[in-house]
Each structure stands twice: as structure tokens, then as C-alpha cells.
Amino acid sequence: MKTDKSMDRVTKSNRWMPQSRSYWGHIFDLRGFVVVILLTLATAAAQTATKPSKHDNSVYAELAKAPGKAAARRNPLAADHDAAAAGGKLFAQHCAECHGDMAEGGKKGPSLLVDDVQQAPPGTLFWLLTNGVVRRGMPVWSKLPEPQRWQLVTFIKSLGSPSRTVPSGEKSPQP
């Protein structure tokens, strides 16, 4: 008769049968399984316990990924005040749900009022609108006509301008 270390029993019909586990073998396997589950749960709890800061820089790191050629693009509607108003309407239709009514940020989208966004070149914002950040929930807006994307860029950039918050001719309030 042949012997094999993985099989240790022979039946009368000469078939190899695997050795059945002992009671303790099952206990040790169950304990290992429970340890793995507990470690997984502890890791998940630790990750959810650390909340990101209000202005998580990793969200805005996507701005740096714009290619140089795209970032160098100039906004053809930068001086058009009507473009900012039209961009505001587009923002209310397409963006406010995630970024908040005043672009202050919401549950799904980050604030667009932070310096990282306001100081970004218009071409970078246009590139980000065109390509989105799908893994973070930002949709691709390439099907939106190019002039409308530039209107959105104009509106977003106008949110950080002093003329947006202070009427012309008046001094800005001192903090």
C-alpha cells in the first residue's frame, strides 16, 4: 500500500480519505478567524474615527495634477461680467448640490472658497471641470459645452474677489 503524508487512512475499497480534524484543530481555526475579523473591525473603526480636517489638503491636491499646457490656458471670459452671472446659474444647477449653495463645501464636495482653489490658474479649474475626479465623486463635465465650463470657472474665481463681497466704492469692513 502507498502512503501519503496528506492522507493517512485507507478504506476497504482502497481509496484515500483525508484525515478528519480533531476538536482542537477546529477550535484553533475558529480562533484565528475571530482574530482576523476583530483586527479588520478595529482597523475600520480607527479609520473612521480620524475625521479629515475641514480643508483636507489631499482633496485640493488634484489641482496640482493639471498638465502644464492645460494650466496655462487663459479664460476667454475672464473680463465678462455676464459670464460670471451665467456661471452662477450653471453652478446652482450642476454644482451646488455637492459644493453648497455658496460654494462653502458640503457633504460630497469641498469648499471652493479656499485659497487653493481661488489661487489656482483658470486653466487648471477648467481642466478639473473637464476631467473630473471620479474616484472622489467629482463628475466629468466634458459634455458641458466649453463656453459654459469657462462661465463656471469665471463664477468660481469671482467668489474670491473682493468686488464680489463688497460693493464698489465702499471700503471692506475691518475684522
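Leu112 satisfies every condition listed in (1) aliphatic (A, V, I, L, M); (2) crowded, with 19+ Cβ neighbours inside 10 Å; (3) farther than 16 Å from Thr154 by Cα except (3). For segment 126-140, the tally of residues that are surrounded by fewer than 19 Cβ atoms within 10 Å (Cβ to Cβ) and within 23 Å of Ala79 (Cα to Cα) stands at 1. Restricting Ala70, Ala120, Ala96, Ala78 to those that are surrounded by 19 or more Cβ atoms within 10 Å (Cβ to Cβ) and among the aliphatic types (A, V, I, L, M) reduces the list to Ala120. Close Cβ contacts (under 6 Å, 6 or more residues apart or on different chains) running from residues in segment 77-103 that are assigned to a helix (DSSP H, G or I) to residues that are loosely packed, with under 13 Cβ neighbours inside 10 Å and at pLDDT below 95 comprise Cys98/Lys108.
With respect to Lys2, is the statement that it is modelled with pLDDT under 85, within 30 Å of Gln118 (Cβ to Cβ) and not in a helix (DSSP H, G or I) true? Criteria not met by Lys2. Tyr60 meets the conditions (1) in a loop (DSSP other than H, G, I, E, B); (2) more than 17 Å from Glu146 (Cα to Cα) in every case but one. The failed one is (1).
Scanning segment 131-149 for residues that are assigned to a helix (DSSP H, G or I), without any contact (Cβ under 8 Å) to a residue 40 or more places away in the chain and not aliphatic (A, V, I, L, M) yields a total of 4.
The values are calculated or read from the model by the stated rules, or taken from the named source; none is laboratory data. Note that the structure is a prediction, hence the values are computed from the model and not measured. All Cβ positions, even for glycine, are placed from backbone atoms using ideal geometry, and neighbour counts span all protein chains on display.
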